[in-house]
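Chemist: My questions all concern the structure below.
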Amino acid sequence: MSFSDIPVPVGPVYEGERIRAKQMYVELGGPKIDKHFELVRVKQPKEIKDGQVTIHGPDLKDMKEGERYPIGILVEVAGEQLEEDLEAVFERRVHEFCNFVNGIMHLNQRYTNWMRLSKTAYEKGFNSLELLGTVLIRLYKAELPIIKQAQVTFYTDPKAIEKPYEMAMGIYEKRDERARTIHDEDVDMFYGCVLCQSFAPTHACCITPDRTSLCGSINWFDARAAAKVDPKGPIYEVPPKECKDKLAGEYTGVNEMIKKRSLGEIDRIFLYSGMEFPHTSCGCFEAIDFYIPEVNGHGIVDRNFDGVAINGLPFSAMANQTGGGKQMPGFNGVSIQYIVSPKYQQYDGGTETIVWMPKAVKDRIGDFLPQDLVPKIATEEEVQDLAQLKTWLQENNHPIVETWADMLEEEEEEEYEYEEEGAMVPMGTVGMTIPGAGGVGGFKIILKNCKVHAEAIIIKKIDSKGKRKK
Ligand code: SF4
C-alpha cells in the first residue's frame, strides 16, 4: 500500500500526535459543535462505488483558517464475510486510521468525534477531505482484508449533516439497546481490546455484557464478532475462568489478561469497582465516575459537559488524572452504557451512590436508572457547590444520606488511629497554608480526595545565593 500521492506522511508512527489550538488550521466536530458523528455501515457490493469519496459541504480548502465546522464521516463497506455486528468495531478504527495521517489529530468516537488539521499539513497540500477519504479507504482494505470495497462520505455543512446525524444516533441507540438485553452471568466468554495501547500502553479494556468498552463504541456482541473474524487482532477472547468475588467482579482469567497485556504493570482488576483495583482507563472513556468524599457519593461527568463538575474540576482536568492506563481509585473511566447496567460499581454501593451528573446525561439515561432514584440525583441546574449538594441530598432523601452516620463513625475511628499511631490521615478537600519566614507570605496546598501517610515532613529552606555559585 502506497501513500506517495498523499502530500503528508501516513503511518502508525504519527498516532498520538497532539495539535494545539495555535497549530491548527481548522477544527472539525468537538464539544463546541452541535452535530457531528462517525459511522460505519456494512452494505451489499452493488451499493458501493469502491474508492469513491463524496463531500457534502465545504471542503478543507473552502474553510476559514482557525474556524470550527461540523464533521460527519460515513464509511460504507462490503465483503462476503461482513456482518452488521462488525460495524462498531470497524467504526472504532476511524480514530486509529485518521491519526495515522501526519497533521491530523482525531479524538473520541461516535457523536463525540473531534478532529484538528494542522497548519503545517495544510501548507504541505493536505487541503481536501478527498485525501483523507482516500487514506481511510486504503487503510480499511489493507488492515482488514475481509473488506473488499469501501466508500466514504463526509458531511461538513450544518444542514446537510442533520439527516445522517439522526440516522447515526438511531443506530447507536439500537446497538446500546441490544447490549442491555444480556448480562455477565449469561455468557461464558469475555473479550479484551488493546486498540488504545498506542496512547495508554498499560491499558486493555475487558468487555463484558455489563461492561461495554470505556469508549462506548464496542459492546459484547461487537467484540465477539471481531474476535471471531480476526482472533489474533486487537480484540480477543478472555475466558473469565474462576470468579473469585462475585460482587467485585474479580475473575482469574481477567487478572491474567491484564497482567499479560499491561506487561506485568497491573495484575488485579475488580470489574465492578471504581474504588478498589479499578479497571484501567485509557483516554477515550465516555465519562468519568468520581468519588466525592464530602458526601460519600459518586459523581459522573461526561466529555460533552463543558462546565465545572460538582467537585470543582472540569472534565479535562479529571481526564488527565484518570487516563493513561493507570488504576486510579476514585476516578474511573466508564462508558455511558455501563452506568445503566445493574452491575454498575456494585462493589462500591452501585447506582444508589450516584449523587450528581450533568443534566444532559441524566436526560439520556434517566429512563434506565431506578425510577425512585432519578429525582434524587442532582445536576448543574439544581446545585452549584458541595454545600448545596449536601443540602439537596438531605432534602430529597437520597439513600446516600443514610451512610453519613457510618462515615462519621469511621472518620472518628481513623482519627483515633492517627492520634494513637500517626498512621493514616483521611482527607476530604483540605487546604493547608504553609507560612513563609516570619509568618508572612508562604503558599497554599489543596489536597482533594486523598489519604496522606507520612512519618515526618521535612521542609528545608533553599539558599538561592549558595546555588548560584560560579
Ligand atoms: S476504549 Fe477500550 S474498547 Fe475502546 S478502542 Fe480503546 S481499548 Fe478498545
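Chemist: Is there any pair linking a residue in the stretch 26-43 that is without any contact (Cβ under 8 Å) to a residue 40 or more places away in the chain to one that is crowded, with 21+ Cβ neighbours inside 10 Å, with Cβ under 6 Å and at least six apart or on different chains, and which?
Modeler: ILE33/PRO70
Chemist: Another one. Select from the stretch 314-326 the residues that are out of contact with any Lys or Arg (no Cβ under 8 Å at 6 or more places or on another chain), free of Cβ contacts under 8 Å to residues at least 60 places away in the same chain and either part of a strand (DSSP E or B) or buried (at least 19 other Cβ atoms within 10 Å of the Cβ) (or both) and list them in ascending order.
Modeler: Of everything in the stretch 314-326, those that are out of contact with any Lys or Arg (no Cβ under 8 Å at 6 or more places or on another chain), free of Cβ contacts under 8 Å to residues at least 60 places away in the same chain and either part of a strand (DSSP E or B) or buried (at least 19 other Cβ atoms within 10 Å of the Cβ) (or both) turn out to be PRO314, MET318, THR322.
Chemist: Taking the stretch 73-89, which residues are in contact with a strand residue (DSSP E or B) (Cβ under 7 Å, 6 or more places away or on another chain), away from the ligand (no atom under 12 Å from the Cβ) and in a helix (DSSP H, G or I)?
Modeler: Result: GLU84, LEU86, GLU87.
Chemist: Just one of the numbered conditions (1) of a type outside the set (S, T, N, Q); (2) under 27 Å from ARG364 (Cβ atoms); (3) part of a helix (DSSP H, G or I) is not true of LYS159; which one?
Modeler: Among (1) of a type outside the set (S, T, N, Q); (2) under 27 Å from ARG364 (Cβ atoms); (3) part of a helix (DSSP H, G or I), the lone unmet condition for LYS159 is (3).
Chemist: Can you work out which of the residues in the stretch 1-41 that are among the acidic types (Asp, Glu) and within 19 Å of the chain's Cα centre (by Cα) is nearest to GLU162 (Cα to Cα)?
Modeler: GLU38
Chemist: Could you check TRP356 against (1) surrounded by 21 or more Cβ atoms within 10 Å (Cβ to Cβ); (2) more than 29 Å from GLU173 (Cβ to Cβ); (3) not β-branched (Val, Ile, Thr) and say which number it fails?
Modeler: (2)
Chemist: Could you tell me which residue of the stretch 201-215 is surrounded by the most Cβ atoms within 10 Å (Cβ to Cβ), considering only residues that are in a loop (DSSP other than H, G, I, E, B) and near the ligand (Cβ under 8 Å from one of its atoms)?
Modeler: SER213
Chemist: Just for the stretch 90-124: of the residues that are hydrophobic (A, V, I, L, M, F, W, C) and under 14 Å from the mean Cα position of the chain (by Cα), which one is nearest to the ligand (Cβ to nearest atom)?
Modeler: LEU107
Chemist: Sticking with this structure for a sec: Can you tell me which residues in the stretch 43-57 are surrounded by fewer than 17 Cβ atoms within 10 Å (Cβ to Cβ) and not in a helix (DSSP H, G or I)?
Modeler: Across the stretch 43-57, the qualifying residues are LYS43, GLN44, LYS49, ASP50, GLY51, GLN52, THR54, HIS56.
Chemist: I'm checking my understanding of the structure. Among residues of the stretch 327-360 that are among the hydroxyl-bearing types (Ser, Thr, Tyr) and part of a loop (DSSP other than H, G, I, E, B), which one is nearest to PHE277 (Cα to Cα)?
Modeler: TYR344
Chemist: Does the stretch 263-274 contain at least one residue that is modelled with pLDDT under 95 and either at positive phi or within 12 Å of the ligand (Cβ to nearest atom) (or both)?
Modeler: Among the residues of the stretch 263-274, at least one is modelled with pLDDT under 95 and either at positive phi or within 12 Å of the ligand (Cβ to nearest atom) (or both), which makes the answer yes.
Chemist: Can you tell me which condition ASP222 does not meet? The list is (1) at pLDDT 95 or above; (2) within 12 Å of the ligand (Cβ to nearest atom); (3) of a type in the set (D, E, K, R), and all the others hold.
Modeler: (1)
Chemist: Which numbered condition trips up ALA142, out of (1) assigned to a helix (DSSP H, G or I); (2) within 16 Å of the ligand (Cβ to nearest atom); (3) among the aliphatic types (A, V, I, L, M)?
Modeler: (2)
Chemist: Scan the stretch 4-38 for residues that are within 24 Å of LEU195 (Cα to Cα) and assigned to a loop (DSSP other than H, G, I, E, B) and jot them down.
Modeler: Selection gives VAL8, PRO9, GLY11, GLU15, GLY16, GLU17, ARG18, ILE19, ARG20, GLY30, PRO31, HIS36.
The values are calculated or read from the model by the stated rules, or taken from the named source; none is laboratory data. Small disclaimer: the values here were computed from a predicted structure and weren't measured. Cβ coordinates were reconstructed from backbone atoms using ideal geometry, including for glycine residues, and neighbour counts include every protein chain displayed.
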